[in-house]
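Q: Encoded as structure tokens, here's the structure I'll be asking about.
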Amino acid sequence: MTPDLDALAARIMATQSDDCRILVAIAGAPASGKSTLSDRLCHHLGGDEAGAAVVPMDGFHFDDAILKQRGLLNRKGAPNTFDVGGLQRILAALKTETDQDVYVPLFDRGLELSRGSARCISPRHKIILVEGNYLLLGQAPWDRLAPMFDLSIYLDVAEEVLRARLIDRWRGFGFDDANALEKALGNDLPNAQIVATMTGPSDIRVTAG
């Protein structure tokens, strides 16, 4: 099912009152379509000119040097490979420092690292779509994030669909079939299962695929 952008946009607009800034979580497993939905929804809401912006959770990946030091490089993308505290502080700033520019990091897949202060959220941005796997996760320290959102959307995608998409994703990065399968099943799919089993309640649940 393709998410109904009109319905989602209407729900977001109904959540906003008195021109106050709102934070909207868009959560789901790897390859569930979070980034695509966030970008399409942002455009549907009028984009930058209308004061909508996207903040991706992926910008808060720990650097590979830290992951190597902690023996976690092969699990990059798992819940414990993100700077949750940094994300929480940025969300808090977005909620409280609405009269100032707030700069957020973005993950560069070509470089496989996060670029700091790569996107500016200015006071005119009133609808912030925050997208990521673990935004609604019901385990510490991630469970501190859910109360910060004014509205939450969860993308529910069947595991077999995710499996096929994840393998295709790694093929698209130049991996052969065997290595793409290993990448998908060795790390991404376990992360998807964590999202499926440990995500807390959401305001809107979209069955997609």
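Q: Are there any pairs, at least 6 apart or on different chains, whose C-beta atoms fall under 6 Å, with the first in segment 197-209 and part of a helix (DSSP H, G or I) and the second modelled with pLDDT of 95 or more and surrounded by 17 or more Cβ atoms within 10 Å (Cβ to Cβ), and if so, which?
A: Final answer for the pair search is MET198/LEU137.
Q: I'm checking my understanding of the structure. Among residues of segment 137-160 that are under 20 Å from ALA14 (Cα atoms) and assigned to a loop (DSSP other than H, G, I, E, B), which one is least open to solvent (accessible area, probe 1.4 Å)?
A: Once the filter is applied, the top-ranked residue is PHE149.
Q: Also, quick follow-up: Can you name the condition, by its number, that ASP99 falls short on among (1) in a strand (DSSP E or B); (2) closer than 23 Å to GLU49 by Cα; (3) open to solvent by 60 Å² or more (accessible area, probe 1.4 Å)?
A: Just one mismatch for ASP99, condition (1).
Q: So, one more: Of these, ASP188, ASP168, ASP176, ASP156, which one is closer than 15 Å to PRO79 by Cα and acidic (Asp, Glu)?
A: Going through ASP188, ASP168, ASP176, ASP156 in turn, the sole match is ASP188.
Q: Which of the residues spanning segment 18-37 are buried (at least 22 other Cβ atoms within 10 Å of the Cβ) and part of a helix (DSSP H, G or I)?
A: LYS34, LEU37, listed by residue number.
Q: So for segment 109-131 (the condition being at pLDDT below 95, in contact with a Phe, Trp or Tyr (Cβ under 8 Å, 6 or more places away or on another chain) and surrounded by 13 or more Cβ atoms within 10 Å (Cβ to Cβ)), does at least one residue qualify?
A: yes
Q: Which of (1) under 24 Å from LEU91 (Cα atoms); (2) surrounded by 13 or more Cβ atoms within 10 Å (Cβ to Cβ) is the odd one out, the single condition ALA180 does not satisfy?
A: Single failed check for ALA180: (1).
Q: In segment 68-91, what residues are open to solvent by 30 Å² or more (accessible area, probe 1.4 Å) and touching a residue at least 60 places away in the same chain (Cβ under 8 Å)?
A: ASN74, ARG75, LYS76, GLN88
Q: Something else now. Is there a residue in segment 51-59 that is in contact (Cβ under 8 Å) with a residue 12 or more places away in the chain, out of contact with any His (no Cβ under 8 Å at 6 or more places or on another chain), open to solvent by 20 Å² or more (accessible area, probe 1.4 Å) and of a type in the set (Gly, Ala, Ser)?
A: no
Q: Scan segment 161-178 and give yes if some residue there is assigned to a helix (DSSP H, G or I), on the phi < 0 side of the Ramachandran plot, acidic (Asp, Glu) and touching a residue at least 24 places away in the same chain (Cβ under 8 Å), otherwise no. Even if it seems obvious, please write down each step before you answer.
A: Taking segment 161-178 first, the residues assigned to a helix (DSSP H, G or I) are 161-172, 177-178.
Within this subset, residues satisfying the condition of being on the phi < 0 side of the Ramachandran plot are 161-172, 177-178.
Narrowing the set further to residues that are acidic (Asp, Glu) leaves 168, 177.
Then keep just the ones that are touching a residue at least 24 places away in the same chain (Cβ under 8 Å); that gives none.
No, the conditions are met nowhere in segment 161-178.
Q: Which residue pairs have Cβ atoms closer than 7 Å, lie 6 or more positions apart in sequence or on different chains, and pair a first residue in segment 1-13 that is assigned to a loop (DSSP other than H, G, I, E, B) with a second residue that is loosely packed, with under 12 Cβ neighbours inside 10 Å?
A: MET1/THR207
Q: Right, something else. Can you name the number of the only condition in (1) modelled with pLDDT of 95 or more; (2) open to solvent by 70 Å² or more (accessible area, probe 1.4 Å); (3) within 27 Å of LEU189 (Cβ to Cβ) that THR2 fails?
A: (1)
The values are calculated or read from the model by the stated rules, or taken from the named source; none is laboratory data. Because the structure is a prediction, the values reported are computed rather than measured. Don't worry about glycine lacking a Cβ; one is built from the backbone with ideal geometry, like all the others, and counts go over all protein chains shown. When the accessible area is computed, the model is the full protein with side chains, heavy atoms only, and any ligands, DNA or RNA have been set aside. Shrake-Rupley method; radii C 1.70, N 1.55, O 1.52, S 1.80 Å.
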